[in-house]
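Everything on this sheet refers to the single structure shown next.
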Amino acid sequence: MLDKLGLFAKKYLFASILIIVGVVLVIMSLKPVPVIERTQSTWFLIGGLSILVSGIVTLLYILEVISRIIHLSVMAVLFVTCAILTVLSINSLSETIEKRNMYEAYQKDGKQALDDIRTIQMAYKKTYGKFAPDFKELKRFLMNDETYRTVPVILHESGKIPDRRPNADEIAILGYDPFEDEALINDGIDEAEAIILGYYRVDTIWVPVLESLFFSETTNNSETKRRYDFIPEKVDLVRMPFDSSVNYVMLSAELDSASNAFMVFDPYAYNPFRENHQKRDTLKMGNLNDGSLIGSWEQ
C-alpha cells in the first residue's frame, strides 16, 4: 500500500508542484502590493499563468489525455515564454526599486524643504508678530532683514567661568552669608553669579537672517544633518528626483487683527506608483484654521 502511495506521489508530484506554484503566482499578481500600492506587472501574471498551464499539460500527459509530442511541444513553448518573462520581470523589478528610491528621496527632501520654510516663518513671526503671507515677502525677509542673537562674552582672565567655590571676596560681592548660604557657596560659581561678579555677560548683536538661520556655527555643526545644501533663492522650489520647475504653493489667512495663519503644500504630489488620475497624498505644512506649524508627515 505504501509503495503504491509512494509511486503515486512520485508520478504526480512534479505536475502538482507546477499547478500549486502557478496558482500562487496568479493570486499574487492580482493582489496589490502594499509597498508600491498597485498589483504586479502583466509579465508577472503571464508568467504565473504559464507555469499553471505547464502543470496542467503535464498532468494531462500523465493521465494519457494528450500525446508525448503535444506535451513536449507545449512545454517547449512555455519554457521559452517563461525565460522571456523572467528577463522582463527582472527589468520590471529593477524599475520598481528605482522608482521606490526616487520616491523616498522626494519625500525626505520635501520634509527638509518644508522644515526650512517653517524655520524662516518662525523667525519672521518673532520679528513682525505675524507669518509672512507669501514667498515673495518670506524671501525678502530672508535675504534683506537682520535678527538679533545673544552672544556670551567671558570677561574672566582665564577665558571661562571659574569652576570652583567663590572665595571670600566673591562671597562678599554676592552678598552670601557663609553659614546660611553654605549650599549655594558649595555649588560653585554659576552663570548668574558670574554676571554679578563681572566675569560673564550676554551681548545682543544683529546679524543677517540668512546667516543666523542657516550659515552660523550653530546651524552648520557636525550634528546638523541636512539632506542638501540650503539655497536661499530656491527656498520655494520643490526638489524632484528629476529636473523640474515645480514650486510650493503658500496660502495665507487672517485669524484676527493680530495674527494670521499659513499653509504650504506641493501641488504636484509626486508618486511614481500612481497614475495621474489616481489620488495622491501631498506633503504640506501649516494650518489655515489655527495657525499651527505641524507637517503632514508629523501628524
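Values quoted throughout were computed directly from the atomic coordinates according to the rules given, and no laboratory measurement underlies them. Since the model is a prediction, treat every value here as computed from it, not as a measurement. Because the Cβ atoms are built from the backbone with ideal geometry, glycine has one as well, and the counts that use them run over all protein chains shown.
Among the helices (runs of 4 or more DSSP H) contained in region 179-264, which hold 1 or more residues that are out of contact with any Gly (no Cβ under 9 Å at 6 or more places or on another chain) and within 19 Å of Pro152 (Cα to Cα)?
191-197, 209-214
Which one of Glu98, Glu104, Glu64 is without any contact (Cβ under 8 Å) to a residue 12 or more places away in the chain and at positive phi?
Being without any contact (Cβ under 8 Å) to a residue 12 or more places away in the chain and at positive phi holds for just one of Glu98, Glu104, Glu64, which is Glu64.
Among the residues of region 173-217 satisfying the criterion of being touching a strand residue (DSSP E or B) at 6+ places or on another chain (Cβ under 7 Å) and of a type in the set (S, T, N, Q), which is surrounded by the most Cβ atoms within 10 Å (Cβ to Cβ)?
In this case the residue turns out to be Ser212.
In contact (Cβ under 8 Å) with a residue 60 or more places away in the chain and in a helix (DSSP H, G or I), is that true of Leu142?
yes
Could we say that Ile173 is out of contact with any Lys or Arg (no Cβ under 8 Å at 6 or more places or on another chain), assigned to a helix (DSSP H, G or I) and touching a residue at least 60 places away in the same chain (Cβ under 8 Å) here?
So Ile173 fails the test.
Here are Tyr128, Tyr106: which of them is farther than 25 Å from Ile27 by Cβ, hydroxyl-bearing (Ser, Thr, Tyr) and surrounded by 13 or more Cβ atoms within 10 Å (Cβ to Cβ)?
Tyr106
All but one of (1) more than 30 Å from Leu288 (Cβ to Cβ); (2) touching a Leu at 6+ places or on another chain (Cβ under 9 Å) hold for Ile120; which doesn't?
Result: Ile120 passes all but (1).
Residue by residue, here is whether (1) touching a Gly at 6+ places or on another chain (Cβ under 8 Å); (2) surrounded by fewer than 18 Cβ atoms within 10 Å (Cβ to Cβ); (3) in a helix (DSSP H, G or I) holds:
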| position | (1), (2), (3) |
| --- | --- |
| Gly48 | yes, no, yes |
| Leu52 | yes, no, yes |
| Thr58 | no, no, yes |
| Tyr61 | no, no, yes |
| Glu64 | no, yes, no |
| Val80 | no, yes, yes |
| Ala83 | no, yes, yes |
| Asn91 | no, yes, yes |
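For region 145-170, which residues satisfy the criterion of being more than 15 Å from Glu191 (Cα to Cα), in contact with a helix residue (DSSP H, G or I) (Cβ under 8 Å, 6 or more places away or on another chain) and not in a strand (DSSP E or B)?
Asp145
Within region 250-268, is even one residue among the aromatic types (Phe, Trp, Tyr), in contact with a strand residue (DSSP E or B) (Cβ under 7 Å, 6 or more places away or on another chain) and closer than 21 Å to Asp115 by Cα?
Yes, region 250-268 contains at least one residue that is among the aromatic types (Phe, Trp, Tyr), in contact with a strand residue (DSSP E or B) (Cβ under 7 Å, 6 or more places away or on another chain) and closer than 21 Å to Asp115 by Cα.
In region 275-296, which residues are part of a loop (DSSP other than H, G, I, E, B), within 16 Å of the chain's Cα centre (by Cα) and not charged (D, E, K, R)?
Thr282, Leu283, Ile294
Give region 231-258 a look and list any residue that's surrounded by fewer than 16 Cβ atoms within 10 Å (Cβ to Cβ) and closer than 20 Å to Leu213 by Cα, or say none.
Ile231, Pro232, Glu233, Lys234, Leu237
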